[in-house]
1. Consider only pairs whose beta carbons are under 7 Å apart and that are at least six residues apart or on different chains; among these, list those whose first residue lies in the range 124-139 and is hydrophobic (A, V, I, L, M, F, W, C) and whose second residue is in a helix (DSSP H, G or I).
2. Within the range 117-127, does at least one residue satisfy the condition of being in a strand (DSSP E or B) and either of a type in the set (Lys, Arg) or at pLDDT below 80 (or both)?
3. I'm trying to understand the selection: among the residues of the range 60-85, which are of a type in the set (Ser, Thr, Tyr) and loosely packed, with under 14 Cβ neighbours inside 10 Å?
4. With the requirement that a residue be assigned to a loop (DSSP other than H, G, I, E, B) and of a type in the set (Asp, Glu), what does the range 62-106 give you?
Amino acid sequence: MKPIIHKIIFTLIFTAVLSGCAAVKESRGYIPDQKLIDAIRVEVDSKESVETMLGNPTMKATFDDLNWYYHSKKTERWAFLKEKVTEMDILAITFDDQNYVSNIRHYNVKDNKVIDPVSKRTVTHGKDLNFFAELFGNVGRFGAAGGGPEAGN
């Protein structure tokens, strides 16, 4: 009788532990209404009308304010593992100098490129020396006679 009870308890605990490892799904950012996006017309709508229809953009260009981005993404993460982007949508709206829409572009997760802003090595355009060349490179480069410091002036 005891082995059966141990198996039942083990099965219940194992099931409880596995149910705690369910995927965590999250949605972040601006989720646009496709009808509103389709209503935006190039060279007809202005910044004010786009902001009225879609609201404030997620990101604006820092200096020129001619590019607006509406960003959203859906991610999935299992327990303690790194999250994975399952869906991503970026609506990029470009304006001309008169503040009218000049271009509308859509980007998704397939357009995503991972960049490494910090690399492990700085590229220099000098000689590539090995350990011994660096260690003994200055031997014999300096004169031996009369080059020492002197007292006085």
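The values are calculated or read from the model by the stated rules, or taken from the named source; none is laboratory data. Small disclaimer: the values here were computed from a predicted structure and weren't measured. Heads up, the Cβs are rebuilt from the backbone with ideal geometry, glycines too, and the neighbour counts pull from every protein chain shown.
1. none
2. Initial filter on the range 117-127 (in a strand (DSSP E or B)): none.
Checking the range 117-127: not a single residue is in a strand (DSSP E or B) and either of a type in the set (Lys, Arg) or at pLDDT below 80 (or both).
3. Filtering the range 60-85 down to residues of a type in the set (Ser, Thr, Tyr) leaves 62, 69-70, 72, 75.
Of everything in the range 60-85, just one residue is of a type in the set (Ser, Thr, Tyr) and loosely packed, with under 14 Cβ neighbours inside 10 Å, namely THR62.
4. As a first pass, look at the range 62-106 and keep what is assigned to a loop (DSSP other than H, G, I, E, B): 62-66, 79-83, 96-99.
Matches in the range 62-106: ASP64, ASP65, GLU83, ASP96, ASP97.
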